[in-house]
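Colleague: Have a look at the structure that comes next, please.
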Amino acid sequence: MVGTANNGRLRLAFSLVNGSQDLDLSSAPASNAGSECGGIEFAREDVEALVNEKMKYKNKFNYKERCENMMEYIKRLRLCIKWFQELEGEYAFEQEKLRNALELTERRCSEMEVALNNKEEELNLIILELRKSLASLQDKLAKEESEKKAAVDSLTKEKEARTSIERSQASLSEELEKVQGELDGANQRIASINDMYKLLQEYNSSLQLYNSKLQTDLDTAHETIKRGEKERSAIVENLHTLRGQHKSLQDQLMSSIASQDEVMKQKDALLNEVACLRMELHQTREDREHYQQQVQSLAAEVSKYKELATNSSELEEKCLSQGNQIQILHDQLAVAERKLQMSDMSIFETRNEFEGQKKLIEELQNRLEDAEFKLIEGEKLRKKLHNTILELKGNIRVFCRVRPQLPDDGSSNQAKVFSYPTSMEYLGRGIDMTQNAQKHSFTFDKVFMPDASQEEVFVEISQLVQSALDGYKVCIFAYGQTGSGKTYTMMGKPGQPDEKGLIPRSLEQIFQTKQALQPQGWRYEMQVSMLEIYNETIRDLLSTNKDASRIENGVAGKQYTIKHDANGNTQVSDLTIVDVQSSREVKYLLDRAAHSRSVGKTQMNEQSSRSHFVFTMRITGVNESTEQQVQGVLNLIDLAGSERLSKSGSTGDRLKETQAINKSLSSLADVIFALAKKEDHVPFRNSKLTYLLQ
């Protein structure tokens, strides 16, 4: 900018100087655009012309003229030099001014740069926090949307179920009034659940509070289901009683029919006897008339035949005796007619009683069919409500069981490590851990205290076992550090019925339910398989081939492959599958598998499970009356214990086992997190365990 202004000023000054070399410098106009020297400005061309100017003289020996010209030239040079000095001063002043301005600007720029960097860092932190917050809000929103969608779907199902219940209420009989009352209660609970759904839609921000309320309602629903089960048992007993009454009535009916046949035979005999008596009476009357005619003829001839007087008296006596016989026959006929009348009345009463018994039997049969239909509908409703409640609880549920302190644990005070929140929101669902004076809080679906029994743990798991009977696929994992009690929770202690684990108790529940559902027409088939995954290799624990189950150098003697069909069913090639009919058979198979399982000793556990044990029961049910079919799968998995290499002291084969165990457990955690977040890609293929349970 400065150079441009000076060039303009130089061009103006140059035009003035080139006008005449002999111009009077004092009369030149001054310029306001640059530095001045006595009102004269010099341009580059003027300076060059002044420097390159050659003196021309008319007479080179005229020194006076030469001196005058030289003085004039020197004067012009001095003016030019002075002008350059002033211009240089101005430039130096302007340069200093610009330098100061530049330094000030640089300081301001550096300060602004520092401020901008700080601001940029703050903005980056804010943006990072906002991104995290946005991601969490998006996850939360997606979760709430999915829960809301599931709640709406469940609400629709509940409304359909309520409509079905309302339609079925009209056909309930008087003896099923208790069931009707329970159904009304169920409708009220459905209405309360609908209100909860509305509250869920209105108060998405208070989702945790809603979950606690839902837990309370869930316990109430479970109590209702239990009452429904008791009432169903009462109805079944009533059905058995009705069947007994029906059988006794059929026996009475058969005896009535037999007695009726006997009475009919007696009636036929009496009719025959009456017919004979009537014939005899008719014959007697004919004889009497004949004898009367004879008497009359004899009386007319008595005068003529006096000698026949004795015969006449005999005839009179004979006639009198015949009259007595006729009277006796009349009496016998009256008695026979009374017997016949009584027989007719007895037959009529028997027939009426038979018709009444027949109507009663038909009515009982209709009521029995209605009761069986209501039982089937009630069972369908129970299944729907049961699985809806489990879906509301969540398809993935995590329970925490705190192991009590053992004598081998030393003198560590467990109470200083674990504590339990007392607030209503986290009561029974939270646990606090203290380590290095720092407190860490965790929340689960359920927390079992150290004094919790095996029965208390199974009560929560039994709902999932019932879902397997209803045709769902269920997986129950026991996960934890080595020595934390996973195998005890799953298997229990042999020989101690009170400490049976989840697997034996699940089998008892399945077979008891199977027996209870047989009167309703249900027939179940059970198939059991047991395997372990050792170092990412499958071993068949029920195989009778010792070479197939042998492991050498970490490699199994026989290789098994996992296949999934289009229907989502999983098969393991050449795996032993056994049909079972009772829990005793399964117990024998469990004992057999336990002896084949891989265990080892580490610094953390004397008998550490070195493999993942997978117990699988496939359940196929068919209802012969309704032709309904269900196919469920129950997977009970005792996972190998997780260990830290620094604490377990594993070396050699134990080191390889620990690395394989930790890798598969990490893959399982990745799959569960992906399923919980409903991601598009779930890494099932990262381990044999997750691919098997896909």
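Every number in this text was worked out from the coordinates using simple rules, so none of it is lab data. This structure is a prediction, so every number in the text was calculated from the model and none was measured. For neighbour counting, all protein chains shown are included, and Cβ atoms are generated from backbone atoms with ideal geometry for every residue, glycine included.
Colleague: Go through 146-154, 316-324 and give me the packing order, highest mean Cβ count within 10 Å leading.
Modeller: For the peptides 146-154, 316-324, the packing ranking is 146-154, 316-324.
Colleague: Over 21 Å between Cα atoms, which of LYS157/LYS446; LYS149/LYS677; LYS656/LYS678; LYS148/LYS678 qualify?
Modeller: The pairs that break the limit, which is 21 Å between Cα atoms, are LYS157/LYS446; LYS656/LYS678.
Colleague: Sticking with this structure for a sec: Computed FRET efficiency, Cβ-Cβ of VAL578 and GLN518, R0 22 Å: what is it to the nearest 0.05?
Modeller: 0.50
Colleague: Something else about it: Return the distance in nm (one decimal) between the two label points of a simple spin-label model at ARG107 and LEU675, each offset 7 Å from Cα along Cα→Cβ.
Modeller: Computed distance between label sites ARG107 and LEU675 equals 6.8 nm.
Colleague: Taking the beta-carbon count within 10 Å as an exposure proxy, list ASP470, ASP331 from fewest neighbours to most.
Modeller: ASP331, ASP470
Colleague: When the convex hull of the Cα atoms of the range 452-692 is projected onto a plane and the area is averaged over all directions, what value comes out in nm²?
Modeller: 14.5 nm²
Colleague: May I pose another question? Place the peptides 349-359, 116-126, 476-486 in order of packing, highest mean first, counting for every residue the other Cβ atoms within 10 Å and averaging per peptide.
Modeller: 476-486, 349-359, 116-126
Colleague: So if we plug the beta-carbon distance of GLN481 and ALA234 into 1/(1 + (r/R0)^6) with R0 = 35 Å, what FRET efficiency do we get, rounded to 0.05?
Modeller: Rounded to the nearest 0.05, the efficiency is 0.15.
Colleague: So which of LYS374/LYS500; LYS473/LYS688; LYS143/LYS500 end up more than 27 Å apart, counting from Cα to Cα?
Modeller: The answer is LYS374/LYS500; LYS143/LYS500.
Colleague: What is the fewest-to-most order of TYR63, TYR524 by other Cβ atoms lying within 10 Å of their Cβ?
Modeller: In order of increasing Cβ crowding within 10 Å: TYR63, TYR524.
Colleague: Straight-line reach only, C-alpha to C-alpha below 13 angstrom: list the aspartates and glutamates that LYS339 could link to, leaving out same-chain residues fewer than 8 apart.
Modeller: In chain and number order, the partners are ASP268, GLU273, ASP331.
Colleague: If the chain between TYR73 and GLU86 were fully stretched, how many nm would it gain, using 0.36 nm times the residue separation less the Cα-Cα distance?
Modeller: Length gained between TYR73 and GLU86: 2.7 nm.
Colleague: I've got another one for you. Rounded to the nearest 0.05, what FRET efficiency is calculated for PHE399 and SER419 with R0 set to 25 Å and r the Cβ-Cβ distance?
Modeller: 0.85
Colleague: Can you sort LEU689, LEU253 so the residue with the fewest Cβ neighbours within 10 Å comes first?
Modeller: The most exposed by this proxy come first: LEU253, LEU689.
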